[in-house]
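Worksheet: one structure, shown below.
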C-alpha cells in the first residue's frame, strides 16, 4: 500500500514539472512578424493622342470596263470571206482597218442593176426638161454625164423653184434616188471596219461560216481607257466630288494605279441603298474586267487621330489618367479600315492604353512614360466641334 502511494506521488510530481517547463518555453517564444501584402501593378504602354486633319477616304472595289467597247453584230446575211482570217481574239487593229468581210456579190449586183435603171430614168427626164425647164437642162445633163454605176451616188442637182421640184418628184426621181442611197448603205454593212485603235477581245465566227443578220460576231474594245464601277453607301455620297483622286491596287497582280472620280450616278439601288460611282483609270497593265480595290481620297477631313483597330472597343478606348488609373473614354468613330480606325473626341495629350486584354476601368497601372502628360483642352474652332471640315 505504501509502494502504491509513493508511485502516485512520483507521477504527479513529473506532471507538475512538465507543465511548468512547457509554460516557461511558451513564454520565451516570440510572435512572428506580420508580412505586408504586396501588390504587383501591371505595366502598360501608352499612345499619346495627337489630333490632326485626317482626309476622309472611302473604300471602293470593282472591275474595269472599257470606256469604248463595241459588240459587233451582223446586219446582213452572207458567208464570211477568207480575208477575215485575222478576226481573232487578241488581235489589235488601227482605226479604219477592216475587221471582217461578208460576201456581198449578190447585193452589189442588185445595186448596180438599180443604178442602171435610174440612169435610164434620168435620161428620159432630160428630154422633158429641155422643153419644160431649159434653164435646168445643163445641170442635169452634166449630172448624167458624170454618173457612174460603179461609184457612189452624187447629190442631185438643185431645183430652181417649187414647180420644177414637183415635176421631178412626179417622175419618181427622188424615190429612186433615196432607194439607191439606202442600198448603198446596206452594201457598206458587208464590211466592218474599226472605228478606233483597239483590240478584239472576243471572236465568235470563222471564215466560211454563214452569217445571219442579228448574229453577234465579236467584241472590240479600246484598250487604253477604263471605268471601274464601285458602289458607295448613301451616307458617303455627299463626301465625294467629281475629280477626287482614287488609289487602286489589283489584289491579284499587285498593280497600283491612280484614277479619278469621273461620274456619280443619281439613282439609288433600292436593295442595297448604294449609289454607283464611276472611276476613270488608264495605264500599262490595266485590262478589261480586271478587279481593283482601293480608296477614294475625298476633299473632306476629320480632326481626329488614327489608332490600331484592335484598341477600339465598339465606341470607346481604354485610357490612362494622371494617376495612372485605367479609364473608359467614349470616342466618335469616323472610319474603320482593316487594321486602323480613325477616332475623334479625345483631347491632345490623352494617353491611350496600347492593349485591351487584362485591363479594366479603375485598375491602377505602371506606365512606360518617363513624363506624365497633362491632358489639353480640345480646340474650340468649328472644325473641331463638328469633327469634320471640308478643305
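The values are calculated or read from the model by the stated rules, or taken from the named source; none is laboratory data. Everything numeric here is computed off the predicted structure, so don't read it as measured data. Positions of Cβ are generated from backbone atoms using ideal geometry, with glycine treated the same way; all protein chains shown enter the neighbour counts.
Out of the residues in segment 322-341 meeting the condition of being farther than 27 Å from residue 242 by Cα and without any contact (Cβ under 8 Å) to a residue 24 or more places away in the chain, tell me which one is farthest from the chain's Cα centre (by Cα). Once the filter is applied, the top-ranked residue is 329. Comparison of 156, 210 shows that the only residue that is within 30 Å of residue 72 (Cα to Cα) and either modelled with pLDDT of 90 or more or touching a helix residue (DSSP H, G or I) at 6+ places or on another chain (Cβ under 7 Å) (or both) is 210.
Just checking, which of 315, 244, 236 is outside the structural domain of residue 94 (by TED's automatic domain parsing), touching a strand residue (DSSP E or B) at 6+ places or on another chain (Cβ under 7 Å) and at pLDDT below 90? One residue alone meets the criteria, 236. Looking only at residues in segment 323-343 that are modelled with pLDDT of 90 or more and not in a strand (DSSP E or B), which one is surrounded by the fewest Cβ atoms within 10 Å (Cβ to Cβ)? Restricting to residues being modelled with pLDDT of 90 or more and not in a strand (DSSP E or B), the top hit is 323. With respect to the conditions (1) closer than 20 Å to residue 179 by Cβ; (2) over 60 Å from the mean Cα position of the chain (by Cα), residue 118 falls short on a single one, namely (2). Screening segment 209-308 for strands (runs of 3 or more DSSP E) wholly inside it with 2 or more residues that are within 17 Å of the chain's Cα centre (by Cα) returns the ranges 226-233, 245-249, 256-268, 274-281, 291-308.
Every residue, every condition in (1) modelled with pLDDT of 95 or more; (2) in a helix (DSSP H, G or I), yes or no:
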| residue | (1), (2) |
| --- | --- |
| 59 | no, no |
| 63 | yes, no |
| 72 | yes, no |
| 79 | yes, no |
| 83 | no, yes |
| 86 | no, no |
| 89 | no, no |
| 96 | no, no |
| 106 | no, yes |
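Taking residue 80, is it buried (at least 16 other Cβ atoms within 10 Å of the Cβ), farther than 30 Å from residue 144 by Cβ, in contact with a strand residue (DSSP E or B) (Cβ under 6 Å, 6 or more places away or on another chain) and in contact (Cβ under 8 Å) with a residue 12 or more places away in the chain? Yes; evaluated as a whole, the condition is true for this residue.
Within segment 126-177, the residues that satisfy the criterion of being loosely packed, with under 12 Cβ neighbours inside 10 Å and under 60 Å from the mean Cα position of the chain (by Cα) are 146, 148, 150, 151, 152, 154, 155, 158, 175. Taking every residue in segment 227-250 that is closer than 12 Å to residue 279 by Cβ and pairing it with any residue that is in a loop (DSSP other than H, G, I, E, B), at least 6 positions away or on another chain, the pairs with Cβ-Cβ distances below 6 Å are 227/67.
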